[in-house]
Amino acid sequence: MTNNDARQLYDRATNTEQNQLVLHVRAMGRSRDISLDALDINPSSTDEVIRQAVARFMDVSEAELRGTIIERHENGNLTLRPEAVFG
Amino acid sequence: MSRDEKLDPLAIISKLAAAEQELKCKVFLAPVLKNARVRVRIAGIVCELAIQTDFAGWGLLRAINHGQAEFVEPASPTLVGKYLSLFPRVQMVLVQQFGGQWWAVAASTSDTRLSLSAPVPVHLVGVAHSFDTVNTRFDGSAFWFEDVDRRRDPAVAGCLRKALAEVTKPEELRCPGAVPQEKLAYKMLWLAKVGDVQAAVDSDQARISTALQHAGAQLESFWHHDGGESTVRFTVDGNTHSVTIRTNDLSVMSAGICLSGRDGDFDLTSLVSVFREYGADGY
């Protein structure tokens, strides 16, 4: 893009100001950020509901998300990640 | 005309022709823009007239024949003021000229008369500068500059211009009294100024910082290594961690704690909560 297009600058300036809650998915070696709105979930949704929504959105089976855990952060964001094995 | 009366096309054409003929004998006021046709309302219908002049501004014009007008003289400020007062006033924050055209954002997002979700061109801007709050008049299709809003503290616009000259990052902007729309205009011009090159330089830092912030961690520093790797130093709940990641996708190469050789299962964002779990479990 050019730096002299007012509408594009506006879009860039306002997009970065958006403060949507986001679910970060790290699964199957892939990373993805999906807004909670797009998944039609909220931070208090159950783990099962969240996994179902992610599976639908990413077009994967729920079985592929087994063994993942869901973290709820203080800022309202969520993270779905593999279980960690320490040691 | 009542609803029952039928429209008579011939009568309308005749009426228009008479109005246009009448206009020929009269001098009228209109905004003249470079390389643009003059718009004038005749008998309730907006018509466009071509004009040959180098003048740009509020002018007194005269229709000379079908579809053409000639420039007579510049219009007086009093006359322009009377004309503009016919239209609703809208306050805007001037952004900058792009391609010779001033653009502005609405000064307030609470104006219920008009909802602007994007910057708009403001025509015939007089003496004004970026970040000035200005009064404009909206004629239904375009915004026309009226004057600079004297009630707005000019120190705010001055502070924003000074900060922009110093390329101060929007998040580090300190201009007391600046309202959100002025800050938005500032961010637009900051983006225009730093350009894509700087944005690309900043992008690694922005991506890393955003990835950490997602889970409530804070970036302290990072540095690149050969081979597309970076070391990232950040804090989680007051504890500092250093990890090695692939810069392109932020996947973890070495978490700095033992993850049974499964470091690569994680990326920077997901690693934050792993560190929390690690700390909570007392490893």
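In table form, for the structure just shown:
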| read-out | value |
| --- | --- |
| Residues being in contact with a Ser or Thr (Cβ under 6 Å, 6 or more places away or on another chain) and either among the polar types (S, T, N, Q) or at pLDDT 95 or above (or both) - total across segment B:250-262 | 2 |
| In segment B:94-127, the residues that are within 12 Å of chain A (Cβ to nearest Cβ), touching a residue at least 24 places away in the same chain (Cβ under 8 Å) and of a type in the set (A, V, I, L, M) | B:94, B:95, B:104, B:105, B:106, B:120, B:122 |
| Exclusive hit being farther than 30 Å from residue A:7 by Cα and part of a strand (DSSP E or B), set B:48, B:22, B:73 | B:73 |
| Residue ranges of strands (runs of 3 or more DSSP E) in segment B:79-166 with at least 2 members more than 16 Å from residue B:188 (Cβ to Cβ) | B:89-98, B:133-138, B:143-148 |
| Segment B:17-39 - residue that is over 11 Å from residue B:61 (Cβ atoms), within 37 Å of the chain's Cα centre (by Cα) and of a type outside the set (Lys, Arg) and, of those, modelled with the highest pLDDT | B:33 |
| In segment B:51-70, residue farthest from residue B:124 (Cα to Cα) [restricted to those that are of a type in the set (A, V, I, L, M, F, W, C) and outside any strand (DSSP E or B)] | B:55 |
| Residue that is surrounded by the fewest Cβ atoms within 10 Å (Cβ to Cβ) [pool: residues in segment B:217-240 that are part of a loop (DSSP other than H, G, I, E, B) and out of contact with any helix residue (DSSP H, G or I) (no Cβ under 7 Å at 6 or more places or on another chain)] | B:238 |
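The values are calculated or read from the model by the stated rules, or taken from the named source; none is laboratory data. Small disclaimer: the values here were computed from a predicted structure and weren't measured. For neighbour counting, all protein chains shown are included, and Cβ atoms are generated from backbone atoms with ideal geometry for every residue, glycine included.
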